[in-house]
Amino acid sequence: MKAFTYERAASPAEAAAAATRRPGAKFVAGGTNLLDLMKLEIETPVHLIDVNGLGLDKIEPTAEGGLRIGALVRNTDLAADERVRRDYGVLSRALMAGASGQLRNMATTGGNLLQRTRCPYFYDTNQPCNKRVPGSGCGAIDGFNRQHAILGVSEACIATHPSDMAVALRVLDATVETIRADGERRTIPIADFHRLPGDTPHIETVLRPGELITAVTLPPPVGGTQLYHKVRDRSSYAFALVSVAAIVQSDGSGRVALGGVAHKPWRVEAAEAELPHGAAAVAKKLLEGAKPTQENAFKLKLVERTLAAVLAEAKGARL
Amino acid sequence: MKFDTPATTNPIDQLKVVGQPVDRVDGPLKTTGTAPYAYEHPVPDAAYGHVIGAAIAKGRITSMDLAQARAAPGVLAIVTADNAGKLEKGEHNTATLLGGPEIQHYHQAIALVVAETFEQARAAAHLVHVEYERGRGAFDLAAEKGSSIKPKPGIGGEADTAVGDFASAFAEAPVQLDATYTTPDQTHVMMEPHASIAKWDGDRLTVWTSNQMVAWGTKDLAKTLGIPKENVHLMSPYIGGGFGGKLFLRADVLLAALGARAAKRPVKVALQRALMINNTTHRPATIQRIRLGAAKDGRLTAIGHESWSGDLPGGEPETAVSQTRLLYAGANRMTSMRLAVLDLPEGNALRAPGEAPGMMALEIAMDEMAEKLGMDPVEFRLLNDTQVDPEHPKRPFSQRHLVECLRKGADHFGWAKRTARPGRSRKGRWLTGLGVAAAFCNNLLMKSAARVRLDHRGILTVETDMTDIGTGSYTVIAQTAAETMGLPLDKVVVRLGDSRFPVSCGSGGQWGGNNSSSGVYAACIKLRQAIAKKAGIDEDDAVFSDGHVTAGSKRMTLAELAGESGLAAEDQIEYGDLAERYQQSTFGAHFVEVAVDAFTGETHVRRMLAVCAAGRILNPKTARSQVIGAMTMGVGAALMEGLHVDKRRGFFVNHDLASYEVPVHADIPHQEVIFLDETDPVSSPLKAKGVGELGICGAAAAVANAIYNASGVRVRDYPVTLDKFIDRLPEAA
Ligand SMILES: Cc1cc2nc3c(=O)[nH]c(=O)nc-3n(C[C@H](O)[C@H](O)[C@H](O)COP(=O)(O)OP(=O)(O)OC[C@H]3O[C@@H](n4cnc5c(N)ncnc54)[C@H](O)[C@@H]3O)c2cc1C
Ligand code: SF4
């Protein structure tokens, strides 16, 4: 780990200002991802700005009838919130499918969105990785890539975004609220928040340097049966091979988003129109343009079958 | 004590303490966090070492720039092959522990940075700049299979065995199976990493380490450093798991010693978790071809098992055919092992080496064959039982209750309710199925010594360099001594894991419990003789119980007989030729129920049962823990464990605990273990055998067979992950 300086910000605006003043500064929230990466010198911030004490840890109703989730709300608290469990079940389920109890107690809403990939070549500093060292090459493309992306991949990077929470937020049409050094606030639809790797896989979101996430907002509840099915190699403490977040209405219409298949939560609105025609039809549209490797081609079939599982479960729940 | 005739009635048979499910005597230390593990031993003024692993798999270092690291805050010394002086290679090591300029495998240690604090050492390690010249290596077992050679006879015996005429018998058999199975490279991932503290006093070296075999470690450390063995004092009293990964001297000890010499300070080194997997040893992958031929009635007439594995030059094969030489009857048989050179990290023992991966393949093959014969897989195994070593029919098994294990297990598990036709049992989303496999693991005999001392308080202290790797050695040794001396358990103090103590068998190959306790028994018998003599009574009339020795009307306390100066005895158990005259093995049967998600292919184990026949169970509680732990590892092997080889760069890619998956609690809902009431007078005076490895042997195959029964999909490549069969899974909806 490289030596760094540390400060506690006094307000969100000051946190953003402090981050802009010091190039190479980073925010630290739960620290469950950032500190690991610092120990390996994959991240080498010169300065840490602790955003834990900024009062961003509340879940409040919005004027529109939705929920505003502070960026520092812990994953455990968010999953357990009565309103979330009642009206946004898919979010609660996705959170509970992630990491472990100890990690969820620390992990925050903002940090979870910004967690970095779990590509093993990204983690091994002896290996080439365009995301870690732009221009160094990609170890995974011709290497071990069973877990990697099949959609939206580039020649530079085939990593996935590992968050479960983000997949649920995508299907819920959440928006991300931020503040910048100059005090300017903006809201970013979750669909636009994460980027595809393209030629710059090291740039993962549309956030500007120093921009602080203050909250994630959920629109008013849409009802329906809300499910999250995460397929993995063991029953907990594992990242998704494929996950499906779904909201299915009683008339069979609904929304679906996929995790474990791309550099961001994957949702294709056109595919949702196929929901009444069953999983195969939806999968076909969702997976258009997929470019799997030999090792992860199984994800195509797995997406279809996991969708079928979720639709069957939704149907069962409606009976 | 020479053990060369089967045991008769002896003090252990009283079973007042031995055979009782007593709690671990070291339990309170463990649960309160006060058992000092190697890295935690309080050594004043210790500095910290951080290991640098090679960034390439094969080739050489062309330059190493230490200037920046040397100048970094807190740095005391940097050890490299360049400045470490001449080093030998340990007898039990295949690759050298400090590499450079030649690199033999990925993450081979090439430097140790020593600093005042751990963080400073780690930060400075990142400042060491190394340039390499990559060499060409061989990393793909399947590709190298063709160039593999017949290895020299080793731990697993001859490379090839043959009885009768396998080729003709197989060709003529009306029912045949010819299938190839693969098992992946696996790693130990025990909780405690390899860790050591080293301290020099002049030319004398003291190390606190985590090593299963104290005598091997001491000897190889001295040999590597080129110093007399007597100058090394090695202690390994508590070990946070080993599974074979700590059988040998590893880089942590050597580098701590070299670092301490360079820094002129005691030095602590723990291998970083992400380094452990490629730096140390692993269970090598295998490719196994099994051919079975049977008559229509189900009797095996031909059994053939070939196995290929790889290792660094000078390494040994994974002996995956060893159980096939012994497990089932059949007049015509062949086994063979071939070894390829691979430039991956060093292959070596992991819990039940040979048998664990061998049974993974053989016991699927038996399931497949039973199906071809239209027989129940339990019945098929019962029919092909043998009471003699099938390669040497004059040699009986000392005890063999495989049939009883299978019968009892089938009955207890509700095997009769199994739907024989696969894929026919669906409940809602779940395809359910039952699987069975035999369990088999050899019982090995190793000589083992101990010293016992009785003091004036009537406290007996046992000393042996035996280790407790979480298995319960402290406890079964205390029980053995208490039983033999007629003392309550709380009057026995057991001290282990010190190179100044008599040399034991150490912990490995499921030989630890039986052999080390037998060594302690031998020493106690000698002490009983000394006590009887001092009491002036005939040893044969002496009765030791409740802290007293009694003969006729004479009754004295052991404490008073010990007197101020105490009484001591030292002895070892040595074995005659009983192991040649009798085949000694342990047996069992695994039963597993799984549920496979009809949509996604996710597999969940629902319940498991192991029935074991492994001689006298010295402590049913610690033995059960061993077996359920081994069954859990079997589930891991079946469903998720496997190192992924990057075949271009030559390393195991998933080298941390997040990516090398082992079962979590949620994967293991219900386990049951039944021990048959067995004593084996041929194995040792305790009539016990090993049990720590039996539980893993066959467990994975039982899971794989259950998956087949549930889904109708056969997977012959471990682990049975859903990507290997999702395209073959029947339509779910
Ligand atoms: C072993 C393990 C298993 C895991 N398994 C899963 C899993 O199965 N599913 C899953 O979804 N996740 C999993 N995780 C990831 C976990 O969810 C994330 O580590 C966690 O959500 C990150 O949150 P944090 O608050 O700790 O972030 P930190 O580590 O504090 O920060 C992460 C990043 O976000 C930035 N950041 C934090 N807060 C803000 C903010 N308000 N504004 C702007 N930038 C900010 C930081 O600068 C940093 O770059 C796992 C993690 C581990 C270690
Ligand atoms: S897939 Fe992306 S993260 Fe992984 S090695 Fe390639 S560039 Fe790096």
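The values are calculated or read from the model by the stated rules, or taken from the named source; none is laboratory data. The shown structure was predicted, so the numbers you read here are calculated from the model rather than taken from an experiment. Please note: Cβ atoms are built from the backbone with ideal geometry, for glycine as well, and neighbour counts cover all protein chains shown.
Could you tell me whether residue A:102 is within 14 Å of ligand 1 (Cβ to nearest atom), without any contact (Cβ under 8 Å) to a residue 12 or more places away in the chain and within 14 Å of chain B (Cβ to nearest Cβ)?
Answer is yes for this residue.
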- Query: In the range B:94-141, what residues are of a type in the set (Ser, Thr, Tyr) and in a loop (DSSP other than H, G, I, E, B)?
  - Reply: B:94, B:96, B:106, B:117
- Which members of the range A:293-311 meet the condition of being under 22 Å from the mean Cα position of the chain (by Cα), closer than 15 Å to residue B:429 by Cα and within 8 Å of chain B (Cβ to nearest Cβ)? A:306
- Item | Set A:160, A:200, A:175: member being of a type in the set (Ser, Thr, Tyr), more than 16 Å from ligand 2 (Cβ to nearest atom) and at pLDDT 95 or above | A:175
- Message: Name the single residue that is nearest to the other protein chains (Cβ to nearest Cβ) among those in the range B:714-724 being surrounded by fewer than 21 Cβ atoms within 10 Å (Cβ to Cβ) and farther than 12 Å from residue B:364 by Cα.
- Response: B:723
- Item | Matching entry among A:236, A:250 (being more than 16 Å from the chain's Cα centre (by Cα) and away from chain B (no Cβ under 14 Å)) | A:250
- Message: Looking at A:133, A:153 in this structure, which one is without any contact (Cβ under 8 Å) to a residue 24 or more places away in the chain, among the hydrophobic types (A, V, I, L, M, F, W, C) and within 16 Å of ligand 2 (Cβ to nearest atom)?
- Response: A:133
- Residues being surrounded by fewer than 24 Cβ atoms within 10 Å (Cβ to Cβ) and away from chain B (no Cβ under 14 Å): count how many of those fall in the range A:152-164. 4
- With respect to the numbered conditions (1) within 11 Å of ligand 1 (Cβ to nearest atom); (2) away from chain B (no Cβ under 13 Å); (3) surrounded by 21 or more Cβ atoms within 10 Å (Cβ to Cβ), which one is the sole condition not fulfilled by residue A:91? (1)
- Item | Among the candidates A:63, A:97, residue that is away from chain B (no Cβ under 14 Å) and either away from ligand 2 (no atom under 16 Å from the Cβ) or crowded, with 17+ Cβ neighbours inside 10 Å (or both) | A:63
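Does residue A:187 fit the bill of being part of a loop (DSSP other than H, G, I, E, B), β-branched (Val, Ile, Thr) and touching a Ser or Thr at 6+ places or on another chain (Cβ under 8 Å)?
Answer is no for this residue.
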- Message: Can you tell me which residue is nearest to residue A:243 (Cα to Cα) among those in the range A:165-177 that are surrounded by fewer than 24 Cβ atoms within 10 Å (Cβ to Cβ) and within 16 Å of ligand 1 (Cβ to nearest atom)?
- Response: A:175
- Task: Determine whether residue A:107 is in contact with a strand residue (DSSP E or B) (Cβ under 7 Å, 6 or more places away or on another chain) and among the aliphatic types (A, V, I, L, M).
- Result: yes
- Within the range A:105-130, which residues are away from every other protein chain (no Cβ under 14 Å) and more than 7 Å from ligand 1 (Cβ to nearest atom)? A:105, A:109, A:113, A:130
- Task: State whether one or more residues within the range B:51-63 are farther than 30 Å from residue B:139 by Cβ and not charged (D, E, K, R).
- Result: no
- Task: Collect the residues in the range A:220-258 that are surrounded by 20 or more Cβ atoms within 10 Å (Cβ to Cβ) and in contact with a Pro (Cβ under 6 Å, 6 or more places away or on another chain), keeping them in residue-number order.
- Result: A:239, A:257
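Rundown of residues vs (1) in contact (Cβ under 8 Å) with a residue 60 or more places away in the chain; (2) part of a strand (DSSP E or B), yes/no style:
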{"residue": "A:240", "(1), (2)": "yes, no"}
{"residue": "A:256", "(1), (2)": "yes, yes"}
{"residue": "A:271", "(1), (2)": "no, no"}
{"residue": "A:290", "(1), (2)": "yes, no"}
{"residue": "A:304", "(1), (2)": "no, no"}
{"residue": "A:308", "(1), (2)": "no, no"}
{"residue": "A:314", "(1), (2)": "yes, no"}
- Go through the residues of the range A:204-217 one by one and say whether even a single one is assigned to a loop (DSSP other than H, G, I, E, B), buried (at least 21 other Cβ atoms within 10 Å of the Cβ) and more than 18 Å from the chain's Cα centre (by Cα). yes
- Query: Condition test on residue A:229, is it assigned to a loop (DSSP other than H, G, I, E, B), within 14 Å of chain B (Cβ to nearest Cβ), out of contact with any Gly (no Cβ under 9 Å at 6 or more places or on another chain) and away from ligand 1 (no atom under 12 Å from the Cβ)?
  - Reply: no
- Say whether the condition of being buried (at least 24 other Cβ atoms within 10 Å of the Cβ), more than 10 Å from chain A (Cβ to nearest Cβ) and not basic (Lys, Arg) is met by at least one residue in the range B:662-679. no
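Residue-by-condition table, conditions (1) of a type in the set (Asp, Glu); (2) part of a loop (DSSP other than H, G, I, E, B); (3) more than 24 Å from residue B:507 (Cα to Cα):
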site	(1), (2), (3)
B:227	no, yes, yes
B:234	no, no, no
B:237	no, yes, no
B:240	no, yes, no
B:252	yes, no, no
- Looking at (1) more than 12 Å from chain B (Cβ to nearest Cβ); (2) surrounded by fewer than 23 Cβ atoms within 10 Å (Cβ to Cβ); (3) part of a loop (DSSP other than H, G, I, E, B), find the lone condition where residue A:146 falls short. (1)
